[in-house]
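Chemist: Here it is: the structure, laid out below.
The values are calculated or read from the model by the stated rules, or taken from the named source; none is laboratory data. Keep in mind it's a predicted model, so treat the numbers as computed, not measured. Here the Cβ is made from the backbone with ideal geometry for all residues, glycine too, and neighbour counts use every protein chain on show.
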Amino acid sequence: MLLNLKCQRFYLCRCRNHNLLVFFTLMTAMAIIEEELGAPIAGIFDQFDYEPIAAASLGQVHRAKLRGQEVVIKVRRPGLKGLFDIDLKNLRVIAEYLQKN
């Protein structure tokens, strides 16, 4: 179940087990969360685990408590939007080429 806070770079969902991948820095994750919510992590969550519990190609996951409920914070990796923009541009070029031929 997602708890949508309408943030661009992360969202909350119920805790689950995830496979581990490479993490990005804690300072980067904290900056993303605090920038999106406009407040320090300590002022938002009852508890926040600064050590990530999982990572994937699109982001990493931290455990937290929000209003007494256990949640995980999925933080998107920095720079993904730029990569997606490049992919979409390439798809447009390919689509235009295919339409012409």
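Chemist: With the requirement that a residue be assigned to a strand (DSSP E or B) and in contact with a Ser or Thr (Cβ under 9 Å, 6 or more places away or on another chain), what does the range 72-87 give you? Break it down into steps so the answer makes sense when it comes.
Modeler: Of the residues in the range 72-87, the ones assigned to a strand (DSSP E or B) are 72-76.
Across the range 72-87, the qualifying residue is only 75.
Chemist: Something else about it: Can you report the number of residues in the range 47-75 which are at pLDDT 85 or above and either surrounded by 14 or more Cβ atoms within 10 Å (Cβ to Cβ) or farther than 21 Å from residue 26 by Cβ (or both)?
Modeler: Qualifying residue count for the region: 18.
Residue by residue, here is whether (1) touching a residue at least 24 places away in the same chain (Cβ under 8 Å); (2) touching a strand residue (DSSP E or B) at 6+ places or on another chain (Cβ under 8 Å); (3) part of a helix (DSSP H, G or I) holds:
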{"residue": "27", "(1), (2), (3)": "no, no, yes"}
{"residue": "31", "(1), (2), (3)": "no, no, yes"}
{"residue": "39", "(1), (2), (3)": "no, no, no"}
{"residue": "52", "(1), (2), (3)": "yes, yes, no"}
{"residue": "63", "(1), (2), (3)": "yes, yes, no"}
{"residue": "70", "(1), (2), (3)": "yes, yes, no"}
{"residue": "89", "(1), (2), (3)": "no, no, yes"}
{"residue": "93", "(1), (2), (3)": "no, no, yes"}
{"residue": "97", "(1), (2), (3)": "no, no, yes"}
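Chemist: Could you please let me know if residue 33 is touching a helix residue (DSSP H, G or I) at 6+ places or on another chain (Cβ under 7 Å) and either of a type in the set (S, T, N, Q) or crowded, with 16+ Cβ neighbours inside 10 Å (or both)? First the steps, then the outcome.
Modeler: Numbers: touching a helix residue (DSSP H, G or I) at 6+ places or on another chain (Cβ under 7 Å): yes; either of a type in the set (S, T, N, Q) or crowded, with 16+ Cβ neighbours inside 10 Å (or both): yes.
Here the answer is yes, as residue 33 does meet what is asked.
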